[in-house]
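Below: the structure, in structure tokens.
The values are calculated or read from the model by the stated rules, or taken from the named source; none is laboratory data. This is a predicted model, so every value here is computed, not measured. Cβ placement follows ideal geometry from the backbone for every residue including glycine, while neighbour counts extend to all protein chains displayed.
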Amino acid sequence: MYDRRLKAREWDQNGFVPRAVTHIEKMSKKFGQYRVEGTTDKCFVAISGSGQNWKINLEKFECQCREWQLTGLPCVHAVCVLIPMIHPWIEYCSEYHTVVKYVATYNLLIHAIDDPSEWGQPGYTVLPPPLVRGPGRETATRGRGTTAKTGNNATANTGRGATLNTRRGEASNIGKGAALNIG
């Protein structure tokens, strides 16, 4: 951490950290790969050579590829919109990529901790929570058949295969006292 504090003293205090500068330079090299069309003053569409479109909203710092929202640094599509506008990059990047925030992060004092052999033992045994599962299948994952009814008298067609009636090709009146002819 001390080394990071020393490095930060050499950087421009009003600019970006070197990683952000490298990212913007890398994205700027891809400037000619996209055609930009404006829909409003703050909304644009970047179109690639293959015809793929990405919507960019400069007011909300959003791009359809979501890289800008995730990293806090403009994606290649946003850079293609921003370069012709000649706006300062610092307006369109997250403040966490500035040297000021970097210095504030590593400015606080963090005390060193003792060696683990000197920590001592707690007065009780620390155990993990018990892993107890209830019996049966969970209700959320229980499979219901296609003819399942809702309510108190719910019956489910569980798809358990053929019954005696359907295997033998007989009518389903066996339960009504009809004789079964097996021949």
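In the stretch 102-121, how many residues are farther than 30 Å from Asn14 by Cα and not in a helix (DSSP H, G or I)?
Kept after step one, since they are farther than 30 Å from Asn14 by Cα, are these residues of the stretch 102-121: 112-121.
Among the residues that remain, those that are also not in a helix (DSSP H, G or I) are: 112-115, 119-121.
Count: 7.
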field: Criterion: polar (S, T, N, Q) and in a helix (DSSP H, G or I) - qualifying residue of Thr40, Thr22
entry: Thr22
query: In this structure, is Tyr124 of a type outside the set (Val, Ile, Thr), farther than 30 Å from Gly51 by Cα, modelled with pLDDT of 85 or more and assigned to a loop (DSSP other than H, G, I, E, B)?
result: yes
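Return the residues of the stretch 61-83 that are out of contact with any helix residue (DSSP H, G or I) (no Cβ under 9 Å at 6 or more places or on another chain) and more than 20 Å from Arg19 (Cα to Cα); say none if nothing qualifies. I'd like the intermediate steps shown before the answer.
First pass over the stretch 61-83, keeping only residues out of contact with any helix residue (DSSP H, G or I) (no Cβ under 9 Å at 6 or more places or on another chain): 66, 69-70, 81.
Of everything in the stretch 61-83, just one residue is out of contact with any helix residue (DSSP H, G or I) (no Cβ under 9 Å at 6 or more places or on another chain) and more than 20 Å from Arg19 (Cα to Cα), namely Val81.
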task: Hey, could you check the stretch 55-101 for residues that are surrounded by fewer than 21 Cβ atoms within 10 Å (Cβ to Cβ) and part of a strand (DSSP E or B) and say which is modelled with the lowest pLDDT?
output: Thr98
statement: Only one of (1) modelled with pLDDT under 80; (2) surrounded by 11 or more Cβ atoms within 10 Å (Cβ to Cβ) does not apply to Thr139, and that is (2)
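Quick one: would you say Thr150 is more than 30 Å from Asn53 (Cβ to Cβ), among the hydroxyl-bearing types (Ser, Thr, Tyr), surrounded by fewer than 10 Cβ atoms within 10 Å (Cβ to Cβ) and modelled with pLDDT under 80?
yes
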- line: Matching residues in the stretch 1-38 (modelled with pLDDT of 85 or more and among the polar types (S, T, N, Q)) number 3
